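These notes concern the structure reproduced below.
The values are calculated or read from the model by the stated rules, or taken from the named source; none is laboratory data. Note that the structure is predicted; figures quoted are calculated from it, not measured. Virtual Cβ from ideal backbone geometry, glycine too; neighbours counted across all protein chains shown. Calculation scope for accessible area: heavy atoms of the full protein, side chains included, ligands and nucleic acids excluded. Shrake-Rupley method; radii C 1.70, N 1.55, O 1.52, S 1.80 Å.
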Amino acid sequence: MENQGEEEEEFYEEEELIEEEMDPNQEYGEEEEYGEEGNSIIQDVPMPMNPEDSNLLEIEKNIMTADLSLVNMKIHEILHILARYHTINPQKSKSEYKTNLARLYCRFFGYNPELMEYLMKLFNPHECHSFLESMDSPRPMTIRLNTLKTRKQELLKSLTSRGVNIEELDESFKVGLKVNASKVPIGATPEYLAGHYMLQSASSWLPVMALAPKPGDYVLDMAAAPGGKTTHIGQILANQGVIVANDLKKERTRALFYNLQRMGITNCIVTNYDGRKMPKSLKNFDRVLLDAPCTGLGVISRDPTIKTNRTMRDIYRAGHLQRELLRAAIDHCKVGGTIVYSTCSIAVEENEAVVDYAVRSRYVRIEDTGINIDSKIYTKFGENRFNDRIKYCLRVFPHMHNLDGFFVCKLKKLKDGPKGKEGEAEQEKINTLKNKNKQESKMQKKQKAKKIKNLKYKQKVKGNNKFFLCMLNYRRIIKRKRERDCR
């Protein structure tokens, strides 16, 4: 369990990438041009005139030492061949072309081979190219308006007067503003310090939008630090009801506490527990938000080290931890309550597979998120076939929506306890422990009662002994006095 705790701490650190704080001095240029389906336009890239050019053939043999411009040309050549594979007479099989393309992608974009192999399974070659390109370009800077302290037009006016080029987002993000350019650091303005807005990725608003809390609700945020989603919940509740904001790492709760104070949230309790071992007293929440620690494969543009550091082992470890956390989140919710599960990863093992496990092991149903964004959901992946209602989940991709990669799922709890064979075994184990604890508590009560009885008896005997000694001493004193008088 100690190793699992270390794993959870490691993945909790990934959440800081998109929640808080984006570089306020970041430069913003023109956005990347996207086609009708969201894929970046690559048809205009000039193709080599001769596909059998000796320089390009040499690249396949010496990929690691080849010039990047030539590698890029070779990438587009293979994409061109794969797009027209059935209309031309290629010299190699499709799998060979894809293998070479994966090696070229590793060289050009800087990914490790294991992660690249996974991405090639997740996307087709052209979509994978669009995804990799989007991960090398920054996402737009966005801020979330704090409706507890200001209004949108007031904030627009004040920031514009300070030299900030800012504009409103579409109707899907009513409390959001997009920063195109700024003469001042966005994270150091008087408005920021006064809590008029939170510097936060637009993707991070989606889980709270799906959770849809109402004033007066009892809400649990299981992985709350640094507080972006917690403060969003607080402003929707209008400081009515109660929020329990929990985080595993004590040092991260400082940033959480600071942001709660800055944003004017007064109905929040901050706790420091392992999400899998939260106290039984913290139960029957109306709504539970689990923005689970993950590998961060959707926010590579904010942390390029993920390209080389993440492996399949990390994905499987994260998936195991997420299953345990989601199971605990469901158990802490009341019957009829809402649970929202989200990650900033694009891996199926951390998203659809985790939700499918939750549906199989607990009495929950997948609900529509209520967010009108076109998304691509994996109802099957490899040999895995997921629950039919998995289609109601939401995925956001950087190359489709120009947002950080994100996954959101909304669940409704139908009944307490586990289900299925696994659930029966777990319930039997729980019942055995309960019976054992009852027997132990009965024995402890009997032993305690016996100790109290013995203690009272000893005190009584001791009191009687004191009285007897006092009387004996009194008689001795009287006897000695009479003897003196006789003399």
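The figures follow:
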read-out	value
Low-density loop positions, trypsin sites (Lys or Arg not before Pro), the stretch 160-197 - DSSP coil, at most 10 other Cβ in 10 Å	183
Rounded FRET efficiency, nearest 0.05, which uses the C-beta distance separating residue 158 from residue 391 and R0 of 56 Å	0.85
Stretchable slack from residue 381 to residue 124, in nm (0.36 nm times residue separation minus alpha-carbon distance)	91.2 nm
Contour excess over end-to-end distance, with Cα ends at residue 95 and residue 441 and 0.36 nm allotted per residue	118.1 nm
Efficiency of FRET between residue 87 and residue 320 - r from beta-carbon atoms, R0 51 angstrom, step 0.05	0.65
Karplus 3J(HN,Hα) series, Hz, for the stretch 112-120 with 6.51 cos²θ - 1.76 cosθ + 1.60 (x for Gly, Pro)	7, x, 5, 5, 5, 4, 5, 5, 5
Links that overshoot a 20 Å alpha carbon limit, given the list 391/413; 277/391; 380/419; 214/419; 277/446	277/391; 380/419; 214/419; 277/446
Projected area averaged over orientations for the stretch 324-406, convex hull of C-alpha atoms, nm²	5.7
Accessible-area composition of the stretch 92-133, carbon plus sulfur, in percent [1.4 Å probe]	51
Exposure of residue 197 as accessible area (Å², to 10), given a probe of 1.4 Å and all protein chains	0
Under 5 Å, built H, 5+ apart or other chain: amide partners of residue 180	165, 166, 167
The stretch 227-259 and the stretch 146-184: distance between their alpha carbon centers, rounded to Å	23
Sequence ranges 288-296, 392-400, 163-171, ranked by mean other-Cβ count within 10 angstrom, highest first	288-296, 392-400, 163-171
Accessible solvent surface per residue of the stretch 58-144, calculated while the other protein chains remain in place, 1.4 angstrom probe, Å²	46
Fraction of accessible area attributable to carbon and sulfur, the stretch 333-404 (%, probe 1.4 Å)	40
For the stretch 262-372: relative contact order, % (alpha-carbon pairs under 8 angstrom, 6 or more apart)	35
Whole-angstrom gap from the stretch 95-128 to the stretch 304-341, using each part's C-alpha centre	26
Residue list for the stretch 152-167, given a label point 7 angstrom along the Cα-to-Cβ vector of residue 238 and an amide N cut-off under 19 Å	152-153
Placed amide H near residue 364: partners under 5 Å, 5+ positions off or other chain	414
Residue 365-residue 281 pseudo-label distance in nm [points 7 Å out on the Cα-to-Cβ vector]	3.5
